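The values are calculated or read from the model by the stated rules, or taken from the named source; none is laboratory data. Treat the numbers as computed from the prediction; the structure is a model and nothing was measured. Cβ placement follows ideal geometry from the backbone for every residue including glycine, while neighbour counts extend to all protein chains displayed. These area figures cover heavy atoms from the full protein model, side chains too; ligands, DNA and RNA do not enter into them. Shrake-Rupley method; radii C 1.70, N 1.55, O 1.52, S 1.80 Å.
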Amino acid sequence: TKTVSKCYVQVTGMTCASCVANIERNLRREDGIHSILVALMAGKAEVRYNPAVIHPSAIAELIRELGFGATVMENCGEGDGILELVVRGMTCASCVHKIESTLMKTNGVLYCSVALATNKAHIKYDPEIIGPRDVIQVIKDLGFTTSLVKKDRSASHLDHKQEIRQWKRSFVVSLVFCIPVMGLMIYMMVMDSQLSDAHTHHNMSSEEMEALHSSMVLEYQLLPGLSVMNFLSFLLCVPVQMFGGWHFYIQAYKALKHKTANMDVLIVLATSIAFVYSFVILLVAMAEKAKVNPVTFFDTPPMLFVFISLGRWLEHVAKGKTSEALARLISLQATEATIVTLGPDNILLSEEQVDVELVQRGDIVKVIPGGKFPVDGRVIEGHSMVDESLITGEAMPVTKKPGNTVIAGSINQNGSLLISATHVGADTTLSQIVKLVEEAQTSKAPIQQFADKLSGYFVPSIVAVSVVTLFAWIIIGFVDFEIVEKYFLVTEVIIRFAFQASITVLCIACPCSLGLA
């Protein structure tokens with residue numbers, strides 16, 4: 001026998017099934033190539049060749065001459081089949097050893113590990129030589145019962161329902177309390193502008209201004225130092241801080257525990273500082289029974305939380321839509337296949353129903369009218385019309401006759417077909433599409449990775465800037481104010497202004513467009 005080697009070539013630029021046919025047809029004619037199998041979605045060609053006649057680089061060159069991009073893949077482990085089995089009837093370590101040693105001696109098994117505690121076997125094999133059914137048979141012959149590990153076909157790990165609910169709740173809570181806060185703020189602005197107008201037009205003295213100011217409803221003091229405005233703002237801010245910001249606090253805590261700083265840390269920092277500072281200022285004003293109401297920042301946390309939780313909610317809704325589409329796609333996969341044994345002249349000798357994961361490459365699968373194709377394959381007998389709309393979007397059924405390719409998941413309409421399996425398990429077109437979508441969901445866009453990396457530096461630098469701002473304004477204040485007799489009052493004014501400036505830095509940087517986007 002001639003030696004046969006196998007290589008994998010990454011092929012780019014294939015757009016449809018005719019590209020696949022084109023590559024397969026042209027390469028089969030070449031000397032030294034025994035067989036070629038191209039998977040469209042994976043963009044991969046598996047070539048079996050005679051190394052004495054042709055080299056993988058030459059094969060890639062042949063594909064490039066056809067107008068496609070081709071590179072030889074180094075890691076040939078890509079094509080290994082992996083099998084997870086549940087093995088029953090093992091009692092001790094010698095049973096494990098018996099199974100492992102027998103399997104390792106079996107031609108085509110590359111790796112095998114059996115765990116007694118979990119009753120599981122993990123086997124790697126070469127699908128060219130041996131298949132999952134053969135492996136199961138070997139274990140059964142040793143006197144153990146075995147079955148496939150049931151895979152979760154529901155795509156439940158891609159479900160975003162819980163996150164959607166969580167962020168929606170967070171957004172609604174923040175919004176309910178944010179609207180009155182905004183109302184109060186706008187009212188105060190309007191009143192302030194009217195006051196300043198009155199001041200400019202009527203040349204009032206500052207005493208009269210104070211009198212007019214305190215006659216406003218919201219400025220009325222419930223207790224000395226506690227105005228209606230500040231009291232209401234405080235009441236509206238507490239639930240948002242507690243319930244609206246709950247998830248942010250959890251995320252921020254996790255990030256800090258791992259010594260990283262992300263957007264959540266910044267959001268929590270800004271809102272907590274704004275809230276705590278305002279609360280302390282109020283307490284101080286009440287303790288001093290201040291006549292003038294202190295300036296608080298209770299409006300910051302609700303508004304920040306509203307915008308950011310809205311952003312998060314929308315993000316998860318978008319992800320959820322993709323996941324739904326994916327779950328529907330996964331549900332299109334057939335779960336069982338009818339494998340037939342053919343005698344001479346394609347006479348049916350026997351047929352058996354097996355789990356779709358047990359179908360091996362080269363198996364002859366029978367698909368009855370109305371049945372789904374369990375694997376990708378090539379028709380060897382029969383004529384039929386096939387609905388391939390799930391993959392191609394083509395509403396008209398496609399005619400299939402011997403030699404045509406069929407796609408897993410498409411529906412056979414009127415004739416019975418016998419197909420030879422070419423791509424099974426994770427290599428079918430449908431599995432590849434599912435894998436691509438899953439990868440797209442779990443991987444980050446390069447710009448997103450960049451944004452995450454930036455926010456790692458961004459958060460500490462913003463905190464630093466705001467601390468610098470605080471001290472800068474305190475220093476400026478003390479250098480300029482040279483009045484000692486009003487010392488205490490001045491200190492309070494300076495520190496309050498400095499704090500205001502530094503919190504402004506935090507609050508403006510925190511919902512930065514980078515993080516929101």
| message | Could you give each residue of the range 239-253 its phi-based ³J(HN,Hα) in whole Hz, using Karplus coefficients 6.51, -1.76, 1.60 with θ = phi - 60°, and x for Gly or Pro? | response | x, 5, 4, 7, 9, x, x, 3, 5, 5, 4, 4, 4, 5, 4
| task | Mind putting a number on the dipole of the chain about its Cα centre? Charges go on the C-beta only, +1 for Lys and Arg and -1 for Asp and Glu, and I need it in Debye to the nearest 20. | result | 1260 debye
| Here are some pairs, Lys168/Lys259; Lys105/Lys435; Lys124/Lys150; Lys124/Lys319; Lys140/Lys435; Lys319/Lys372; which of them have Cα atoms lying more than 24 Å apart in this structure? | Lys168/Lys259; Lys105/Lys435; Lys124/Lys319; Lys140/Lys435; Lys319/Lys372
| remark: Note on the chain: contact order normalised by length, alpha-carbon pairs under 8 Å, 6 or more apart, percent, works out to 11 percent
| note | Taking GluC sites (Glu not before Pro) in a DSSP loop with at most 15 other Cβ atoms within 10 angstrom as exposed, one finds the longest site-free stretch of the chain at 75-393
| query | Cα axis of helix 263-288 to longest principal axis of the chain: angle in degrees, 0 to 90, nearest 10? | reply | 20 degrees
| note | Per residue, the convex hull enclosing the Cα atoms of the chain spans a volume in Å³ of 257 Å³
| Of every Cα-Cα pair in the range 5-72, the percent that sits beyond 15 Å | 41 percent
| Residue-normalised accessible area of the chain, expressed per residue, 1.4 Å probe, Å² | 54 Å²
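How many percent of the accessible area of the chain is carbon or sulfur, using a 1.4 Å probe?
C and S atoms contribute 62 percent here.
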| field | Range in the chain, longest, excluding exposed trypsin sites (Lys or Arg not before Pro) [loop by DSSP; at most 15 other beta-carbon atoms within 10 Å] | value | 292-443
| Hull surface divided by four, with the convex hull built on the Cα atoms of the range 81-148: how many nm²? | 3.7 nm²
| query | For the pair Arg165 and His122, how long in nm is the line joining their label points, each one 7 Å along Cα→Cβ? | reply | 3.4 nm
| query | What net charge do the residues around Gly244 carry, taking every other residue with its C-beta under 13 Å from that of Gly244, with Lys and Arg at +1 and Asp and Glu at -1? | reply | +3
